Amino acid sequence: MRLCRFGFTVLCLSLLVCVNSRLQAQRAPSVVSPEVQADRRVTFRLLAPDAKSVGVSVQFEQGIQPMSKADNGLWQATVGPAQPDIYEYDLVVDGLHIVDPANSWLKVWLARSRNLVQVPGEKPMCYEEQPVPHGTVHFHMYPSKSLGVTRNLYVYTPPGYETNREAKYPVLYLFHGFGDSADAWTVIGRANLIADNLLAANKARPLIIVMPYGHTPSAPPVMRSIGNYSSFERDLTEDVIPYVQTNYRASTDQKDRAIAGLSMGGGQSLTIGLGHLELFGWVGAFSSAVPEGENLDKLLAKPELINDKLKLLWIGCGKSDFLFERNQQFLDRLKSDKINHVAHITEGAHEWRLWRLYLNEIVPLLFRPDV
C-alpha cells in the first residue's frame, strides 16, 4: 500500500514537471515597448495574436503607423526619427485605441489617456533628470470646506527644505489644463525636475510649488465655465492656501506668492491672480483660456492698481495654438490699457512641449527684487 502511494506521488510530480516544461515553452515572449534607438527612432510592440490589425498613433508622426505581425503574435513598428522631446502615443487594435500595456508612463486625461515616451538628445533638456540635488514631491488629501469634499494636491519642496528648518519659502501655485489630473505638472510637465535643474544652476530662488486639482465637483461638463472658475477660486483661497501655510514653511507675503497655469489653468490664474491682487504678486498664463467680455473688463478695471501690485504679468502662447488669437487680443488690451506685462510668443501649438519650456522661462523671474 505504501509502495503504491509512493509510486502515485512520483507519477504526479512527473506530470507536474512535464506540464510546467510545456508551459515554459509556450510562455509569451517578453515585450519591451517602447524602445528608443540611438538614432532617435522608436520601436513599439504589442503581443496580440488574435488581432487582425495593429497600429501606433504617435505625436511626432501623421496618422496611424501600421505594425507588422510575427509568427508568435508579436506586432512591431519602428517610426521616426523624432526630435528630442516627450511625446504622447497609443496603440490601435482593430480600430480601438488602447494604452500600451508594456508602458506604465501615462498621461491621464478626461476623454482619452495615452502613453508617453521620451526621445533624448545629445544634451539634456531642461525637464530631464540630471545628477543634481533633488527636491521632494508630496501628495496630500485635504478637506475642502468650501466645496464639501475631500480633494488632492501635489506639493514640491526644494532640496534642503527638510534641513533648513528656519527658512520661509515663496510659493508658486501652478495649475493644469482641461481634462488633466492633479499630477499633470509632475508626470507630464516635469515641474519638479525643471525646478531642480534651475536651482542647481543658481538660476532661480528656492521655492515651493503647489499643484492642486483644477476641476471642481459642482462644475458642469464644460469645465472652462465661469462656474468652475468661481468654485475653484473658493477652494484655492479658502482651503488650499490655508492648508499649505499650515503644513509648510510658506511665506505669507503677497510678494512671495505667484500663480500660473496652462490653458484652462491659465484662465484660472488670470481670473484669480488679477482678482486677488492682495494675495498674488506674480501671474503667469500659458496658452490660456483668457476671460472674456464683462469678466475681463472687471479684472482690468484698475490698471494703475494692477501695475502697482503685480511684479510680473507673463503671457506665453504658440502661434499655431487654437487660443492664439484670443491671447493676442488680450495682449492688445493690456497694451491699450497700459498694463505692464511680458509677452512670450513662440512657434508651436497647444502642447506640453511649450508649457514645459514656458515654466522653465518664468520660474527664474519669480520672487526677484529686480523684476
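The values are calculated or read from the model by the stated rules, or taken from the named source; none is laboratory data. Only a predicted model underlies this, so the values are computations on that prediction, with no experimental measurement involved. FYI the Cβ positions are ideal-geometry reconstructions off the backbone, even for glycines, and counts take in every protein chain you see.
The criterion of at least 1 residues that are of a type outside the set (Lys, Arg) and in contact with a strand residue (DSSP E or B) (Cβ under 9 Å, 6 or more places away or on another chain) is met by the following helices (runs of 4 or more DSSP H) wholly inside segment 231-326: 241-247, 264-275, 303-309. Scanning segment 192-220 for residues that are assigned to a loop (DSSP other than H, G, I, E, B), at pLDDT 95 or above and small (Gly, Ala, Ser) gives Ala201, Ala204. Among the numbered conditions (1) in contact with a Lys or Arg (Cβ under 6 Å, 6 or more places away or on another chain); (2) within 30 Å of Asn360 (Cβ to Cβ); (3) not hydrophobic (A, V, I, L, M, F, W, C), the only one that Asp94 does not meet is (2).
Flag set for Pro159, criterion: modelled with pLDDT of 95 or more and in a loop (DSSP other than H, G, I, E, B).
Every test in (1) farther than 24 Å from Glu61 by Cβ; (2) crowded, with 18+ Cβ neighbours inside 10 Å is passed by Pro133 save one, and that test is (2). Restricting Thr237, Thr186, Thr246 to residues that are free of Cβ contacts under 8 Å to residues at least 12 places away in the same chain and outside the structural domain of Asp85 (by TED's automatic domain parsing) narrows the list to Thr246.
Is it the case, given these coordinates, that Lys309 is basic (Lys, Arg) and exposed (fewer than 14 other Cβ atoms within 10 Å of the Cβ)? Answer is no for this residue.
Of everything listed in (1) more than 30 Å from His350 (Cβ to Cβ); (2) assigned to a loop (DSSP other than H, G, I, E, B); (3) among the aliphatic types (A, V, I, L, M), the single unmet condition for Met141 is (2).
Quick grid of which residues meet (1) within 23 Å of Arg190 (Cβ to Cβ); (2) of a type in the set (Phe, Trp, Tyr); (3) in contact (Cβ under 8 Å) with a residue 40 or more places away in the chain:
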{"residue": "Ser336", "(1), (2), (3)": "no, no, no"}
{"residue": "His341", "(1), (2), (3)": "no, no, no"}
{"residue": "Glu347", "(1), (2), (3)": "yes, no, no"}
{"residue": "Phe367", "(1), (2), (3)": "yes, yes, yes"}
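Among the residues of segment 40-58, the one identified as in a loop (DSSP other than H, G, I, E, B), within 27 Å of the chain's Cα centre (by Cα) and without any contact (Cβ under 8 Å) to a residue 60 or more places away in the chain is Arg41. Quick one: in segment 93-112, which of the residues that are of a type in the set (Val, Ile, Thr) and in a loop (DSSP other than H, G, I, E, B) is surrounded by the most Cβ atoms within 10 Å (Cβ to Cβ)? Filtering segment 93-112 for residues that are of a type in the set (Val, Ile, Thr) and in a loop (DSSP other than H, G, I, E, B), the one surrounded by the most Cβ atoms within 10 Å (Cβ to Cβ) comes out as Val99.
Residue pairs whose Cβ atoms lie under 8 Å apart, sitting 6 or more positions apart in sequence or on different chains, and linking a residue in segment 80-92 that is part of a strand (DSSP E or B) to a partner that is among the aromatic types (Phe, Trp, Tyr), are Asp85/Phe60; Ile86/Tyr127; Ile86/Trp352; Tyr87/Phe60; Tyr89/Phe44; Leu91/Phe44. Residues in segment 327-338 that are outside any loop (DSSP other than H, G, I, E, B) and among the charged types (D, E, K, R): Asp332, Arg333, Lys335. The set of residues in segment 336-370 being of a type in the set (D, E, K, R) and closer than 14 Å to Ala260 by Cα consists of Arg356, Glu361.
Of all residues in segment 148-169, those being surrounded by 12 or more Cβ atoms within 10 Å (Cβ to Cβ) and either outside the structural domain of Val240 (by TED's automatic domain parsing) or not aliphatic (A, V, I, L, M) (or both) number 12.
The listed residues are Trp109, Trp75, and the only one of them that is of a type in the set (A, V, I, L, M, F, W, C) and modelled with pLDDT of 95 or more turns out to be Trp75. Just checking, which of Leu198, Leu174 is closer than 23 Å to Met141 by Cβ and in contact with a Pro (Cβ under 9 Å, 6 or more places away or on another chain)? The conditions single out Leu174.
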